[in-house]
Structures are given as C-alpha cells and as structure tokens.
1. Within the stretch B:58-76, which residues are under 22 Å from A:A14 (Cα atoms) and in contact with a Leu (Cβ under 7 Å, 6 or more places away or on another chain)?
2. Look through the stretch B:25-39, keep the residues that are farther than 23 Å from A:M11 by Cβ and out of contact with any strand residue (DSSP E or B) (no Cβ under 9 Å at 6 or more places or on another chain), and return whichever of them is least open to solvent (accessible area, probe 1.4 Å).
3. Residue under question is B:L170, and the condition is that it be at pLDDT 70 or above, open to solvent by less than 60 Å² (accessible area, probe 1.4 Å), under 20 Å from A:A63 (Cβ atoms) and not small (G, A, S); does it hold?
4. For A:N99, only one of the following conditions fails: (1) in contact (Cβ under 8 Å) with a residue 60 or more places away in the chain; (2) open to solvent by 30 Å² or more (accessible area, probe 1.4 Å); (3) of a type outside the set (D, E, K, R). What is its number?
5. Suppose we keep only residues that are open to solvent by 20 Å² or more (accessible area, probe 1.4 Å) and aliphatic (A, V, I, L, M) within the stretch A:80-94. Which one would you say is farthest from A:N42 (Cα to Cα)?
6. Scan B:A42, B:A55 and give me the residue that is open to solvent by 10 Å² or more (accessible area, probe 1.4 Å) and more than 7 Å from every other protein chain (Cβ to nearest Cβ).
7. Would you check which residues across the stretch A:35-47 are in contact with a Leu (Cβ under 9 Å, 6 or more places away or on another chain) and open to solvent by 10 Å² or more (accessible area, probe 1.4 Å) and list them?
8. Could you check how many residues of the stretch A:63-79 are open to solvent by less than 10 Å² (accessible area, probe 1.4 Å) and under 12 Å from B:G171 (Cβ atoms)?
Amino acid sequence: MGDIGLSQYLMVGAVLFVCGVVCMATKRNVIGVLMGVELVLNGSNVNFVAFSRYTPLGLDGQATALFVIVLAAAEAAVALAIALNFYNNHLTIDVDRGNELHG
Amino acid sequence: MIEQLLFWVFAILACGGAVAVVATHNVVRMAFWLVVSLGSVAALFFLLHADFLGAAQLLIYVGGTVVLLVFGVMLTASGPYNAIPTSPAEGIVGGAVGFLLLFVLVSSIGSVDWTEVSGRLPAVPAAPYLVDMTLAAKADESFVNTGSPRAKAEFAATQQQGRTVRQLGLGFLGLRPDRHLAEGDGKGSASGYFLPFEIVSVHLLVVLIGAAYLARAKRRVVPEGSMNVG
C-alpha cells in the first residue's frame with residue numbers, strides 16, 4: 001500500500017471512463033447508454049477534483065466539476081424525455097430499432 | 001493510514017461498480033451498480049477534501065439522476081425481464097477495445113511525472129488567503145509571536161482543508177478569495193465564475209422546460225404501416 005497520489009486517482013478516473021465508453025458502445029438499451037454517459041462524466045469529475053487537490057490549480061477544478069454535474073443532470077433529463085418519446089412511437093427501447101433514417 | 005485504506009476500499013468499489021454496470025444485462029441491476037459506483041466516487045471526493053462537491057454528487061447524482069433513470073426504466077419496461085442482450089461478438093469486441101483503451105490510458109498516466117508537471121504550472125499561491133475570519137483569528141493567535149505571514153497562510157491552509165463551500169460560493173459570485181488577482185500572470189487566469197454560473201442556470205431552466213415539453217402526456221400517434229415495428 002503505497003502513498004496515495006495523483007496517479008492513483010487518475011487510474012480510477014481512467015477505469016470509470018473506459019467502462020462508460022464500453023457501456024455506451026455495447027448496450028442496446030437507451031437507459032444503458034445513458035448510464036455509460038454518466039460513468040464517463042464521473043471519470044472526468046474524478047480527474048478534475050484530483051487535479052484541484054494535488055496541483056496548484058486550487059478551486060478551479062472543483063468549480064468545473066460542479067458545472068459537469070449540473071450539465072450531466074440536464075443531459076439525463078432531456079435524454080430520458082427523448083427515450084420516452086421513442087418508446088411511445090416504437091413500443092421498444094432498443095436503439096437498434098431506431099433506424100428509420102437509415103439510407 | 002486510514003486514509004489510504006479508505007481510498008483503496010472506495011476506489012475498488014467505484015471501479016467494480018462501473019465494471020458491473022457494463023457486465024450486467026438487467027437494467028434495474030445496472031442502476032443499482034451505478035448507485036454503488038457513484039456513491040464511491042462521492043466518497044473519493046470527500047477524501048480529496050472536496051466536501052461540497054461530494055455532497056452535491058450524492059444529492060444530484062445518487063438522489064436525482066439515478067432516480068430519474070429508474071423512472072425511465074419503469075416507464076419503458078415492456079416485460080418483467082427487460083434485458084436486451086448484447087450479442088457475444090459485440091461484447092468480445094467491446095471488451096477488447098476497452099482493454100486496449102485502458103492500457104493506453106494507464107500507461108500514459110504512469111509515464112508522466114506529475115509533480116514535475118504541476119511544478120511547471122504558473123506559480124499561484126497554493127495557500128488560500130485568509131477568508132475564514134475565525135481561522136484568521138486563530139492563525140493570528142498562534143503566530144502572534146513568530147509573525148511570519150507565510151507561516152500564517154500555511155496554517156490557515158491546513159486548517160481550511162475541506163471547507164470549500166464559502167470559497168466555491170464566492171467563486172460563483174465572481175470573487176476569488178483564494179487567489180490574489182494582482183499576482184496573476186495578467187491573462188485573467190484567476191477570474192471568477194459569474195458568467196458561466198449564469199449561463200448554466202439559464203441552460204438548466206431551458207433544459208427542464210424542454211424535457212417537460214418532450215415528455216408531456218399526449219395521445220400516441222400511430223402512423224400507418226408502423227405498427228409492425230413493435
């Protein structure tokens with residue numbers, strides 16, 4: 001158990017980011033894709049706060065992380081409304097079914 | 001020591017929760033693992049002395065966003081076992097790409113000397129200027145004999161770790177008590193966050209109105225020839 005430094009927190013952020021990207025790419029459920037987006041934003045937040053703690057950036061990282069949290073909440077609200085509309089029109093929530101614009 | 005132990009516990013919980021979100025197929029279980037992961041990230045924020053941010057993470061993410069997602073699951077569930085399975089080939093390819101991406105990220109994080117990089121940043125006083133009046137008074141009492149302003153600022157900095165609510169609030173009002181504006185490099189790097197705060201407020205209002213408009217209850221319009229989709 002070594003010292004906890006910046007790179008350990010960056011590793012946690014990297015794992016969260018990769019899990020979010022894989023979740024966005026492989027899930028076929030719209031809600032699952034949204035959860036992947038949340039994981040990606042959380043990984044970035046971990047990086048922001050870790051940099052604000054371990055570098056002389058000070059409070060800037062925390063302020064940016066707060067903006068990220070607010071934007072993630074807004075994005076979740078709009079994306080869920082779109083998902084509900086999609087379900088109302090298609091009776092399914094499988095993203096592979098949303099191919100009407102497919103050429 | 002206890003801090004290291006807590007870090008490892010919550011880091012493993014956060015990473016394991018994220019991996020479980022990817023690995024499970026049931027949406028409700030995915031939501032549960034997402035709660036575990038987000039809560040552990042909030043605990044990591046507390047360990048990083050970001051107390052207001054950890055509380056906001058718990059309130060907004062775990063209390064708001066995940067509840068919204070669960071409501072979305074309930075409103076769109078078409079059966080008791082609403083799992084849309086990923087095909088194994090897609091899962092294998094996604095996992096391989098994910099491991100490669102993780103390898104790239106971890107190797108690049110490990111190859112950078114972060115102390116040297118942070119030393120290259122513009123020299124900003126890391127010690128916050130004395131905002132908290134009680135702490136300032138305490139610092140005055142403690143260092144009344146030595147009288148060294150630098151030691152005073154360092155004492156206040158150590159005492160002030162984790163108390164970020166007032167500084168964040170002042171920062172959103174456009175004030176930066178933790179920076180000395182005259183010591184900046186002249187590029188406005190120490191400015192406040194008043195304009196982004198207003199923009200994000202209006203953005204949130206617009207988004208909520210739009211979401212309520214999009215998700216409003218209305219009679220379902222069934223165009224001809226599209227019923228075979230369901």
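The values are calculated or read from the model by the stated rules, or taken from the named source; none is laboratory data. Bear in mind the structure is a predicted one, so any value in this text is a computation, not a measurement. Heads up, the Cβs are rebuilt from the backbone with ideal geometry, glycines too, and the neighbour counts pull from every protein chain shown. Side chains included, ligands, DNA and RNA excluded: accessible areas come from the protein's heavy atoms. Shrake-Rupley method; radii C 1.70, N 1.55, O 1.52, S 1.80 Å.
1. Scanning the stretch B:58-76 gives B:Y61, B:V62, B:V66.
2. Looking at residues that are farther than 23 Å from A:M11 by Cβ and out of contact with any strand residue (DSSP E or B) (no Cβ under 9 Å at 6 or more places or on another chain), I get B:A31.
3. Yes.
4. (1)
5. A:L91
6. From the options B:A42, B:A55, the qualifying one is B:A55.
7. A:V40, A:L41, A:S44, A:N47
8. Selection size over the stretch A:63-79: 1.
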